[in-house]
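Undergrad: Let me give you the structure first, and then I'll get to my questions.
The values are calculated or read from the model by the stated rules, or taken from the named source; none is laboratory data. Note that the structure is a prediction, hence the values are computed from the model and not measured. For neighbour counting, all protein chains shown are included, and Cβ atoms are generated from backbone atoms with ideal geometry for every residue, glycine included.
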Amino acid sequence: MTQSVGTSALPLLALRGVSRNFGSLRAVDGVDLDIMAGRISGLIGPNGAGKTTLFNLIAGTLAPSAGEIRFEGRRMNGLSPDRVFHQGLARTFQVPRPFAQMTVLENLMLAAERQAGERFWNNWIRPGLVREEERAVRERAFAVLEVCALADKAPNLAAELSGGQQKLLELARVLMIEPSLILLDEPAAGVNPALLETLVDRVQHLHRSGIAFLIIEHNMDLVMSVCDPVIVMMQGRVILSGSPDTVRTDPRVVDAYLGEVTT
């Protein structure tokens, strides 16, 4: 079981009374949730429980109908996804979204923050600064690719990668901003066992370096072996948050979710 690293008494991410309505449907219903630094937290629940909607609320893709979201003590309500991302709260997607016709290395370099070359006049009046910064970004990108076991794919087009390698690329891209918290959306979906083992190993390595994770996942073996706490959602609400042992033996979870997926 994963051990916590560098935990603090204050939550890294705090949700209070967070709801989201779509017309008469309340997809997320008054969620209170604390995600602590130094943890790999898992989010489980049957299809339609509200997990992905909750991720979209945290990442800024959707605005809450009610409630408050705070990250590192800062109120996040109303921030656009790119501003949330650059606060150090990053997410990946169940279906990877790389720039398919750019190389793996270019995908990472594009994710780097506040590059001087983004202001076109700097390329004319401060070319030395632009070159030096680009060199530093390239070096960091190669270092991140090494961490994510993709260094040998740096010159390849992203479109040439397998599904599992594209998920590693998504992880590598968000690492370019040095996030405090990464939201992983179903990392095991569509990934062969060998690459999944690599992905899990990389997540655990990054966790030991101080990055926290919140993972949506249907693979119960992965969740129960890697995540602590495990958070359970049903019908838009969090019904339980606890250790893997607590969750796997809770009658509500066995009846409503774990029992369902093992039949």
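Undergrad: Given the criterion modelled with pLDDT of 95 or more, small (Gly, Ala, Ser) and surrounded by fewer than 19 Cβ atoms within 10 Å (Cβ to Cβ), identify the matching residue among GLY60, GLY42, GLY67, GLY48.
TA: Matching residue, one of GLY60, GLY42, GLY67, GLY48: GLY67.
Undergrad: Then there's this: If the requirement is being at pLDDT below 90, within 23 Å of VAL147 (Cβ to Cβ) and surrounded by 14 or more Cβ atoms within 10 Å (Cβ to Cβ), which of these qualifies: LEU105, LEU110?
TA: LEU110
Undergrad: Okay, moving on. If the requirement is being under 16 Å from GLN94 (Cα atoms), part of a strand (DSSP E or B) and of a type outside the set (Phe, Trp, Tyr), which of these qualifies: ILE215, ILE239?
TA: ILE215
Undergrad: Mind checking whether some residue in the range 38-59 is in a loop (DSSP other than H, G, I, E, B) and in contact with a helix residue (DSSP H, G or I) (Cβ under 6 Å, 6 or more places away or on another chain)?
TA: Scanning the range 38-59, I find at least one residue that is in a loop (DSSP other than H, G, I, E, B) and in contact with a helix residue (DSSP H, G or I) (Cβ under 6 Å, 6 or more places away or on another chain), so the answer is yes.
Undergrad: Residue under question is GLU146, and the condition is that it be surrounded by fewer than 16 Cβ atoms within 10 Å (Cβ to Cβ), free of Cβ contacts under 8 Å to residues at least 60 places away in the same chain, of a type outside the set (S, T, N, Q) and over 14 Å from PHE93 (Cα atoms); does it hold?
TA: Spelling it out, GLU146 is indeed surrounded by fewer than 16 Cβ atoms within 10 Å (Cβ to Cβ), free of Cβ contacts under 8 Å to residues at least 60 places away in the same chain, of a type outside the set (S, T, N, Q) and over 14 Å from PHE93 (Cα atoms).
Undergrad: If you don't mind, another one. All but one of (1) modelled with pLDDT under 95; (2) assigned to a strand (DSSP E or B); (3) among the small types (Gly, Ala, Ser) hold for GLY78, so report the exception by its number.
TA: Every condition holds for GLY78 apart from (2).
Undergrad: Any residue in the range 245-261 that is outside any helix (DSSP H, G or I) and in contact (Cβ under 8 Å) with a residue 24 or more places away in the chain?
TA: The answer is no, given that none of the residues of the range 245-261 is outside any helix (DSSP H, G or I) and in contact (Cβ under 8 Å) with a residue 24 or more places away in the chain.
Undergrad: PRO155 - would you say it is in the same structural domain as ASP32 (by TED's automatic domain parsing), in contact with a helix residue (DSSP H, G or I) (Cβ under 8 Å, 6 or more places away or on another chain) and more than 20 Å from ARG97 (Cβ to Cβ)?
TA: Judged against the criteria, PRO155 is not a match.
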